[in-house]
Amino acid sequence: MHIRFAYLRPCAVLQYRAIGPYDRSVKEAWETLLGWLDMRDLRKYNARAFGIIHDCSRMTDAEALRYDACVELVPGLSPDPEFGITRKMTPGGAYALGQIRGCHSQIGAAFRYMSSQWAEAEKLRVDSTRPLMEMYLNDPARTPKEEWLTQLCVPIRTEPDPRKLLHIRDDELELEA
């Protein structure tokens, strides 16, 4: 996987949030949001689509995991709070971007690789204050599965590790209680 860096600007989106294990909540979020768009004939606006993964499944109870299915807010789209469709901004900042082609079942493994092995090898720190994001580069309803393109966005901390600036090893650090 080729990985590059980019600064992503915040983007206004309409979102539907689903809560629960990702294997269930991702499907629920997209079915709800895309169903809402289709019922109102709003898919014609071809707005960019984003998936926002708020929680680490290894550190958060499965029933509390949050996932947002989002489409870029473009003229013609507006929130529908009665249906659970609200407005929000995607987080901006520095990201490592990787791209996968094909089935979306690859996304979890690709995020794990980028956030751990790859980030460690590059001596980068993932910014845990911002969520992981998926950018869907084509519409699965109009594109053959083998041609689906998904951009994976891993937030990267840009401030240096103070230990590197001071040339202090971990075992030399004294932490205040």
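The values are calculated or read from the model by the stated rules, or taken from the named source; none is laboratory data. Keep in mind that this is a model prediction, so the values were computed, not measured. Cβ: placed from backbone, ideal geometry, glycine included. Neighbour counts: every protein chain shown.
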Subset of segment 43-99 [modelled with pLDDT under 95, at positive phi and touching a helix residue (DSSP H, G or I) at 6+ places or on another chain (Cβ under 8 Å)]: Gly76
Any hit, segment 39-48, residues being surrounded by 14 or more Cβ atoms within 10 Å (Cβ to Cβ) and under 17 Å from the mean Cα position of the chain (by Cα): yes
Scan of segment 49-77 for residues that are within 19 Å of Ala12 (Cβ to Cβ), free of Cβ contacts under 8 Å to residues at least 60 places away in the same chain and surrounded by fewer than 17 Cβ atoms within 10 Å (Cβ to Cβ), ordered by number: Val74, Pro75, Gly76
Any hit, segment 21-41, residues being closer than 19 Å to Cys103 by Cβ and among the polar types (S, T, N, Q): yes
Where Leu137 falls short, out of the listed (1) under 17 Å from the mean Cα position of the chain (by Cα); (2) at pLDDT below 90: (2)
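This table checks each residue for (1) under 20 Å from His54 (Cβ atoms); (2) polar (S, T, N, Q); (3) in contact with an Asp or Glu (Cβ under 8 Å, 6 or more places away or on another chain).
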position: Pro79; (1), (2), (3): yes, no, no
position: Gly102; (1), (2), (3): no, no, yes
position: Ile107; (1), (2), (3): yes, no, yes
position: Ala110; (1), (2), (3): yes, no, no
position: Gln117; (1), (2), (3): no, yes, no
position: Glu120; (1), (2), (3): no, no, no
Any hit, segment 118-135, residues being in contact (Cβ under 8 Å) with a residue 60 or more places away in the chain, under 20 Å from Leu33 (Cβ atoms) and surrounded by fewer than 17 Cβ atoms within 10 Å (Cβ to Cβ): no
Any hit, segment 1-23, residues being surrounded by fewer than 14 Cβ atoms within 10 Å (Cβ to Cβ), under 18 Å from Glu82 (Cβ atoms) and without any contact (Cβ under 8 Å) to a residue 12 or more places away in the chain: no
Subset of segment 45-95 [of a type in the set (A, V, I, L, M, F, W, C) and over 26 Å from Arg142 (Cα atoms)]: Cys56, Met59, Ala62, Ala64, Leu65, Met89, Ala94
Flag if Thr158 is farther than 19 Å from Pro91 by Cβ, surrounded by fewer than 18 Cβ atoms within 10 Å (Cβ to Cβ) and either modelled with pLDDT under 90 or not acidic (Asp, Glu) (or both): no
For Ala18: the one exception among (1) in a strand (DSSP E or B); (2) aliphatic (A, V, I, L, M); (3) under 17 Å from Thr129 (Cα atoms): (3)
